[in-house]
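Student: Got a structure for you, questions after.
The values are calculated or read from the model by the stated rules, or taken from the named source; none is laboratory data. Source: prediction; values computed, not measured. Please note: Cβ atoms are built from the backbone with ideal geometry, for glycine as well, and neighbour counts cover all protein chains shown.
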Amino acid sequence: MRLLPAFLAVLMMLSGPAIAEVSEVYDFDTRAEEQRYQQLISELRCPKCQNQNIADSNAPISKDMRDEVYRMMQDGASNDQIVGALVDRFGEFVQYKPPVDNRTILLWAFPAIATIGGFLIVAGVVWRARRREDEPPLSAEDRARAEQILASQSDKADRR
Amino acid sequence: MYPELGQLALILSLLLAVLLSVVPLAGALTGRDSLQAFARPLASGMFVFTALAFAILTHAFLVDDFSVAYVANNSNSMLPWYYKFSAVWGGHEGSLLLWILMLIGWTLAVAIFSRKLPSVMVSQVLSVLGMVSVGFLLFIILTSNPFDRLLPNVPADGQDLNPLLQDIGLIMHPPMLYMGYVGFSVAFAFAIAALINGRLDAAWARWSRPWTTVAWSFLTLGIALGSWWAYYELGWGGWWFWDPVENASLLPWLSGTALMHSLAVTEKRGVFKSWTVLLAIVTFALSLLGAFLVRSGVLTSVHAFASDPERGSFLLALLGITILASLTLYAFRAPVVHVRSRYGSLSREIFLLLNNVLLVSATMLVAIGTLYPLVLDYLDLGKLSIGEPFFNTTFSPLAVATGLLLGAGIFSRWKKTDGGWLARKLLWPLAISLVASAAVMIGYGGFAPWAFLGVFAAMWVTVATAWDLWDKSASRKGRWHGLKRQSRSYWGMVLGHLGLAMVMAGATVVSNYGVERDVRMQPGDRAMVGDYEIVFTDIGERRGPNFTAQYGSFNVYLDGELVTDLHPEKRQYPVGMSVMTEADIDAGLFRDVFVAIGERISDDAWAIRLQYKPLVRWLWLGSLVMAIGGFLAIADKRYRVRVRDEEAVKSGEPAVPGKVAEAST
Amino acid sequence: MKRVLLFLPLLIAVGVGVFLFAGLGKDPTKLESVLVGKPVPEFSLESLDNPDVKLDPSVFQGEVSLLNVWAEWCPSCWDEHEYLMYLAREQGVRIVGLNYKDQRENAFRFLNRLGNPYETIIFDPKGTLGFDLGVYGAPETFVIDADGVVRYRHVGVVNQKVWDEVLLPVIAQARGSS
């Protein structure tokens, strides 16, 4: 089922640069910084092997990107600046977290819209069911009124 | 010679499938029993020929017949026999054949286990399944023939199976997953048959239920196996990546979960029929969508098969015809009349409906998150990636809400639940879960809002389920008797919910309290991960059956005491020229310690990935518990359908929803 | 009225189907360079031939050029090189090379073996310019206009088909507008 990885692995092996590079594992002053780094690299997508983040990817470009993230962190850059710098080079594609803007507002707002919409529908169902349940004890006038309303086909206006 | 026979068998199977999709349906519509009687023999014949084709392909793998292109591309003479066997479904063509074998296997199962169902219904259901089989058989025969030959230039040896697939997890994962995907075709066929003959009643819901539950259980196992495999085999220690193909398997799971619960309401109370039948169609449609996404190449994914636009077009046509036809049928035939059934605002009906709202919202969220990049690209609005950070932010609230609702819903009653009574009932479980969750926070040494909510939701579900079990099993003859008295379907529900709580607890704890470190180590170095101290002692080389490996030796200490030795490897597979990282894991019920070797940094130093993964096993154990719950539920006595129903329908008497529903409760 | 609502799922399915159909046959892995429409990033790197000569973005001024990112260790670069030779010799295309994460002696060995289609070669052993260009795997080929503005980026091998269908139209346009 998963054929692409081997293919990518082959590509990576064939196209790896011949020079042995310096340390790819970084030193951090604090544990918090190390975690921040791990978080950052786990949210950036490798443009070469496009289904891995740069933390998991062995592609040379991922290593370069990790280097850059580390270098910018050491220079005191914020997370937004770091992600921004990589987006400026490789495109929005590299961030796994889509930016919130007018293209994606529907995407981000969707869970809230769907859930609230769904709950409103269920509220409507309950309301209708309750009305039916209340039918028998209706007084004669109420019933007459209800029938009148039904006849005029505007049952939604009825809020009692 | 054999491969040609295999192809012939597929063609014969296709002919039978065509007959199956026409003859029994015609019989059902015209009321001719003689035509309906063809349904079962045709289904059996289809199964025999498809199984024969599958056996022939398997044989070609086992005897290294590299004249068959598919075998040459996916196997190698050096491969151990069990991987040769699993290599049958290691590529597009063979996995499609497995998919079809399972589809027809389900068809046969319906034919066998529905002897007590009305013949008209069975004929229609089997005809619908026949139509689905026609589509997939045409697909394999026209675009993806696994028996294509490489004649006369037969390669001396095969190109080897992708090393990632040379693994026990991957022997099991696709069959389970496909059993689930394809299993939903039965619920779909029942829904279509019910729409055709206008009999969307409680009996229909009852017949659909066990099939849906068993398909769902297989899908649960399949997804869990895939996650487990990714965790130890892909070498990065992740268990869910929100990759498009993973999402594709989650989609029918989520809507299938909604379907199971909605079917329960329709069976017991005869309401929400239009909704339930829609869910049955949508769940199968999502299974097909998953097949399309994996095999068409429209999205990038680690798991995708080599893409081929021709196959993609064919699959899209297949998907389009199936879905458009069934949704059109739905639009015209689904009932809009309201059954006069009473339920109050706190009734179990409403709780289950709210559960459906959350599950369907989650389904749509995953669908939109998966397809959104495609839409934006089409509209030329840029190339976006939608991954883990997005889904973690948006999916978690829905999951927590589902858990909170579930805990309360367990105590609700059909028709009407007294609000004050329910509130009093929930007081103790609430208090216990709050205290227990706080204790877990302290135990893991750190409070985080989402960690708390996730753990609380899991606790809440667990305590409420246990409380309800305690209530229900009260008996004058003693607790044991009370427990034994509970139906299997009730036990199934209990396990299903406890399994879900385990998954929620595992996911929350491992995401919030797991530790991941990439460190530079040379033999002799020590590093801490969580409370564990890892000592890199040695590095060596060894030779496997079809690879060579460098392996590291690591000692794992906790509080100065040796816990275990770990030997992660970096393997080179010469045939496919690929490199694989084999992590080594010390697995435990409450935590895993994970070590993987990365790049060689200098002559003696290596990049080593160390991970401490608390409760990660609960993800898969919980899934297993859920699946066992599903299998237990279908073993319930009431699914041995009584002859009475059958006679009632045969004599032309309309099935009375109320009667059947009452009989079951 | 309620019957109409039942058509909603059908409509949604059709909508999704349109996008799936549109997505067929497109390569989802293809990434457009963000630099399109922007000048080549600032750099100051040695020439491959002569370490004393520093090259900067002015090498792209005055004429439409191809910027070809290559390295000796990259197998696809060996594959496409013959076609680059053809473009330079027969078609008179100006090609600037970017020797990416390579070593000088390896690069020279490569050129001695296969010929040199490049007018100038920028030596980028650490891949810094490559990184700024968003290069994620050699070979990549950029079309850069006479003002030094990136017009297009092609990832992968350049061959007759790519030249005819992709690069030549872009180059013609770049030539026409400047």
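Student: Return yes when B:Phe395 is among the hydrophobic types (A, V, I, L, M, F, W, C), within 7 Å of chain A (Cβ to nearest Cβ) and assigned to a helix (DSSP H, G or I) and no when it is not.
Tutor: Against the criterion (among the hydrophobic types (A, V, I, L, M, F, W, C), within 7 Å of chain A (Cβ to nearest Cβ) and assigned to a helix (DSSP H, G or I)), B:Phe395 does not qualify.
Student: Continuing with the same structure: Just to be sure before I move on: is A:Val87 touching a residue at least 12 places away in the same chain (Cβ under 8 Å), closer than 26 Å to C:His154 by Cα and either surrounded by 14 or more Cβ atoms within 10 Å (Cβ to Cβ) or within 25 Å of the chain's Cα centre (by Cα) (or both) in the structure I sent?
Tutor: Here the answer is no, as A:Val87 does not meet what is asked.
Student: For the range B:280-287, indicate whether the set of residues that are in contact (Cβ under 8 Å) with a residue 24 or more places away in the chain, touching a Gly at 6+ places or on another chain (Cβ under 7 Å), part of a helix (DSSP H, G or I) and among the hydrophobic types (A, V, I, L, M, F, W, C) is non-empty. Full working, then the answer.
Tutor: Step one: of the range B:280-287, the residues in contact (Cβ under 8 Å) with a residue 24 or more places away in the chain are B:280-287.
Subset that is touching a Gly at 6+ places or on another chain (Cβ under 7 Å): B:283.
Restricting the remaining residues to those that are part of a helix (DSSP H, G or I) gives B:283.
Still in the list and also among the hydrophobic types (A, V, I, L, M, F, W, C): none.
Checked against the condition, which is being in contact (Cβ under 8 Å) with a residue 24 or more places away in the chain, touching a Gly at 6+ places or on another chain (Cβ under 7 Å), part of a helix (DSSP H, G or I) and among the hydrophobic types (A, V, I, L, M, F, W, C), the range B:280-287 yields no hits at all.
Student: Separate question: Does B:Trp229 count as in contact with a helix residue (DSSP H, G or I) (Cβ under 6 Å, 6 or more places away or on another chain), outside any helix (DSSP H, G or I) and within 13 Å of chain A (Cβ to nearest Cβ)?
Tutor: Numbers: in contact with a helix residue (DSSP H, G or I) (Cβ under 6 Å, 6 or more places away or on another chain): yes; outside any helix (DSSP H, G or I): no; within 13 Å of chain A (Cβ to nearest Cβ): yes.
When the stated conditions are applied, B:Trp229 does not pass them.
Student: Can you find even one residue in the range B:415-422 that is more than 30 Å from B:Leu374 (Cβ to Cβ), touching a residue at least 60 places away in the same chain (Cβ under 8 Å) and part of a helix (DSSP H, G or I)?
Tutor: Yes - at least one qualifying residue is present in the range B:415-422.
Student: Give the residue, chosen from A:Lys48, A:Lys63, that is touching an Asp or Glu at 6+ places or on another chain (Cβ under 6 Å) and within 13 Å of chain B (Cβ to nearest Cβ).
Tutor: Just one listed residue meets the conditions, A:Lys63.
Student: Pick out, from the range B:514-558, the strands (runs of 3 or more DSSP E) lying fully within it that include 1 or more residues that are more than 13 Å from B:Leu610 (Cβ to Cβ), among the hydroxyl-bearing types (Ser, Thr, Tyr) and free of Cβ contacts under 8 Å to residues at least 40 places away in the same chain.
Tutor: The strands (runs of 3 or more DSSP E) meeting that bar are B:532-543, B:548-558.
Student: Same structure, new question: What's the number of the only condition in (1) without any contact (Cβ under 8 Å) to a residue 40 or more places away in the chain; (2) surrounded by fewer than 19 Cβ atoms within 10 Å (Cβ to Cβ); (3) within 12 Å of chain B (Cβ to nearest Cβ); (4) not β-branched (Val, Ile, Thr) that A:Asp56 fails to meet?
Tutor: (2)
Student: Something else: Any residue at all in the range B:344-358 that's at the interface with chain A (Cβ under 8 Å from one of its Cβ atoms), touching a Lys or Arg at 6+ places or on another chain (Cβ under 8 Å) and touching a residue at least 40 places away in the same chain (Cβ under 8 Å)?
Tutor: yes
Student: Do we find a residue being surrounded by 13 or more Cβ atoms within 10 Å (Cβ to Cβ), in contact (Cβ under 8 Å) with a residue 24 or more places away in the chain, hydroxyl-bearing (Ser, Thr, Tyr) and part of a helix (DSSP H, G or I) anywhere in the range C:56-79?
Tutor: Within the range C:56-79 (the criterion being surrounded by 13 or more Cβ atoms within 10 Å (Cβ to Cβ), in contact (Cβ under 8 Å) with a residue 24 or more places away in the chain, hydroxyl-bearing (Ser, Thr, Tyr) and part of a helix (DSSP H, G or I)), the answer is yes, since at least one residue qualifies.
Student: From the set of residues in the range C:15-51 that are among the hydrophobic types (A, V, I, L, M, F, W, C) and outside any loop (DSSP other than H, G, I, E, B), which is farthest from C:Val150 (Cα to Cα)?
Tutor: C:Val16
Student: Given the criteria surrounded by 14 or more Cβ atoms within 10 Å (Cβ to Cβ) and either polar (S, T, N, Q) or in contact with a Leu (Cβ under 6 Å, 6 or more places away or on another chain) (or both), does A:Arg36 qualify?
Tutor: no
Student: Further, regarding this structure: I'd like to verify a number: residues in the range B:564-575 that are buried (at least 21 other Cβ atoms within 10 Å of the Cβ) and within 12 Å of chain A (Cβ to nearest Cβ), how many?
Tutor: 2
Student: Next up: Can you tell me which residues in the range A:89-114 are out of contact with any helix residue (DSSP H, G or I) (no Cβ under 9 Å at 6 or more places or on another chain) and either at the interface with another protein chain (Cβ under 7 Å from one of its Cβ atoms) or of a type in the set (Phe, Trp, Tyr) (or both)?
Tutor: Result: A:Gly91, A:Glu92.
Student: State the number of residues belonging to the range B:110-165 that are crowded, with 23+ Cβ neighbours inside 10 Å and in contact with a strand residue (DSSP E or B) (Cβ under 8 Å, 6 or more places away or on another chain).
Tutor: The total comes to 6.
Student: Continuing with this model, one more query. For the range C:1-48: of the residues being of a type in the set (Gly, Ala, Ser) and at the interface with another protein chain (Cβ under 7 Å from one of its Cβ atoms), which is farthest from C:Val143 (Cα to Cα)?
Tutor: Ranking the qualifying residues of the range C:1-48, first place goes to C:Ala13.
Student: Next up: Looking only at residues in the range B:525-538 that are over 30 Å from B:Gly622 (Cα atoms) and touching a Phe, Trp or Tyr at 6+ places or on another chain (Cβ under 7 Å), which one is modelled with the lowest pLDDT?
Tutor: Taking the range B:525-538 as the starting set, the residues that turn out to be over 30 Å from B:Gly622 (Cα atoms) are B:525-527, B:535-538.
Still in the running and touching a Phe, Trp or Tyr at 6+ places or on another chain (Cβ under 7 Å): B:525, B:535-537.
Values: B:Asp525: 88, B:Val535: 92, B:Phe536: 92, B:Thr537: 92.
The selected residue is B:Asp525.
Student: Okay, moving on. Considering each of A:Lys63, A:Lys48 in turn, give the residue that is part of a helix (DSSP H, G or I) and modelled with pLDDT of 50 or more.
Tutor: A:Lys63
Student: Moving to a separate point now. Taking the range C:103-149 on its own, how many of its residues are under 16 Å from C:Tyr83 (Cα atoms), facing another protein chain (nearest Cβ under 8 Å) and out of contact with any Phe, Trp or Tyr (no Cβ under 9 Å at 6 or more places or on another chain)?
Tutor: Residues that pass the stated criteria total 0.
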